[in-house]
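Take a look at the structure set out below.
The values are calculated or read from the model by the stated rules, or taken from the named source; none is laboratory data. No experiment lies behind these values; they were computed from the predicted model shown. Heads up, the Cβs are rebuilt from the backbone with ideal geometry, glycines too, and the neighbour counts pull from every protein chain shown. The area values use the complete protein model at the heavy-atom level, side chains included, leaving out ligands, DNA and RNA. Shrake-Rupley method; radii C 1.70, N 1.55, O 1.52, S 1.80 Å.
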Amino acid sequence: MMSRYFYFLILFSSLLFGSVLSYPQDIQAQNATQLLTQVIPSSLVLTDGEQFKTVPLDVFRQWYTPTTQITYQQKYLQEIEKPSLCPVEKMFLCQLILPRTDQSHLRILSQSILDADAIRAYLQQLAPTISTPVIEPKFTLQDGKVTTFASGQSGRVLDITTTLATIQQALIAKTGTEKFSIPLTFTTETPTTKSDDGTNFGIVELLGEGRTNFSGSPKNRIHNFTLAADQFNGLLIPPGKEFSFVEHLGDVDGEHGYLPELVIKKNVTTPEFGGGICQVSTTAFRAALNSGLKISARRNHAYPVSYYKPYGMDATIYIPKPDLQFINNTPAYILIQTAIEGQDLVFRFYGTSDGRKTTIDGPHILERGVDGSMKTTFTQKVVAADGSTLLEDKFPSNYKSPNLFPHPGQEPVFTSKPSDWSQKQWDEYKKTH
């Protein structure tokens, strides 16, 4: 009876005075600290059976939200004679709504609430470092037949939902503060194609090819795009599949063999691991266009790059975005073959023709500024065997002045707008200088 009376008064007080479930902050902090010391293990290790990952203690503590609340317990009696734990901000209300004898039965209870969002955020950051991607088998054409030259491998992906539930259950049941270990859960992903399926793909002819010239490229640049192009040599694209260049490119860093070379980044042209890879994406873009495939994502470079002439038919990429994506809208698999022929990088797409014809109108230069800025456009038209139009897509490109992206050691400092710059270019320059 007394318990119901007490909570009724607390509810009534809450309606009148708003946030009333409060108490002295020093007592709240003291209880919260004691609670964390009692509940949180000294360290937490996540393991997959062979390897382990120790969760940093500062991160681990953020998974807990300490809470304290005051409850009325008839059998509990405070040791202090004049309790000051009234659960309402207006202290005089305790005297009005609670008899003195009842005030002595107020008790502070502390607990920790696990923050599922904080745990999930950590697992999402952890996942890429402990997951292994699927490796698709690679194929080649030999005597008119598709054969395997590199076997595929299954991958594993951290199951964040299941692992989160396991962590929550384990920590809730945990009573001690000693070192604690929790198993991770993974799901297995298998290649979409099998290594022995080469004779079943129906790949019989060349659909189209793309070429770019890399004359004048420094050694690091040639090394980078040669390494990157090899990631695509022998790949298969199933019919109806949207192909992502960035997804199949993989990691681009020194650990994976890439060297520093110039890239366009944040309004400068600066050395970075993997500079020159856009030679590969641009070549693949042209092969997809000439094969009559649907381009679903493409962006031109910030300014005209001489390696990618004719201007207007380039495709820049950067992990994770922008990406080059296209769809295999043919009736069969497409096999990608890459090669270096003289000073040309070449992509060839093999598959089964459905009789489509592809024409490229352009690229046409619409505007050319004295500062090197440029606007271009071209059209890809794909006509089916019956004469109907499958695709008719335009690809406009808007290039800025190369002066806005200085190379290392060549950064000019302008205090007034150059005469050959537009006001828009000057405004963009002032934002970053």
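Among strands (runs of 3 or more DSSP E) lying entirely in region 231-345, which contain 2 or more residues that are in contact with a Pro (Cβ under 9 Å, 6 or more places away or on another chain), closer than 29 Å to Gly372 by Cα and open to solvent by 50 Å² or more (accessible area, probe 1.4 Å)?
Passing ranges, in order: 260-265, 268-273.
I need the full set of residues from region 346-365 which are surrounded by 14 or more Cβ atoms within 10 Å (Cβ to Cβ) and part of a strand (DSSP E or B), in order please.
Correct list: Val346, Phe347, Arg348, Phe349, Tyr350, Gly351, Thr358, Ile360, Gly362, Pro363, Ile365.
Mind checking which residues of region 294-338 are closer than 15 Å to Ser281 by Cβ and of a type in the set (Ser, Thr, Tyr)?
Answer for region 294-338, where residues must be closer than 15 Å to Ser281 by Cβ and of a type in the set (Ser, Thr, Tyr): Ser296, Tyr307, Tyr308, Thr316, Tyr318, Thr338.
Closer than 26 Å to Lys309 by Cα, open to solvent by less than 30 Å² (accessible area, probe 1.4 Å), in contact with an Asp or Glu (Cβ under 8 Å, 6 or more places away or on another chain) and at pLDDT below 85: is that true of Gln380 in this structure?
no
Here's the yes/no breakdown for (1) buried (at least 16 other Cβ atoms within 10 Å of the Cβ); (2) over 30 Å from Ala288 (Cβ atoms); (3) modelled with pLDDT under 75:
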| position | (1), (2), (3) |
| --- | --- |
| Gln103 | yes, yes, yes |
| Leu106 | yes, yes, yes |
| Thr129 | no, yes, no |
| Val134 | no, no, no |
| Thr147 | no, no, yes |
| Ile172 | no, yes, no |
| Ser181 | no, yes, no |
| Thr188 | no, yes, no |
| Phe201 | yes, no, yes |
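Just for region 203-215: of the residues that are outside any strand (DSSP E or B) and at pLDDT below 90, which one is surrounded by the most Cβ atoms within 10 Å (Cβ to Cβ)?
Ranking the qualifying residues of region 203-215, first place goes to Ile203.
Can we say Leu324 is aliphatic (A, V, I, L, M) and free of Cβ contacts under 8 Å to residues at least 60 places away in the same chain?
No; evaluated as a whole, the condition is false for this residue.
In the set Arg221, Arg156, which member is surrounded by 13 or more Cβ atoms within 10 Å (Cβ to Cβ), at pLDDT 85 or above, farther than 30 Å from Thr283 by Cβ and out of contact with any Cys (no Cβ under 6 Å at 6 or more places or on another chain)?
Unique residue meeting the criteria: Arg156.
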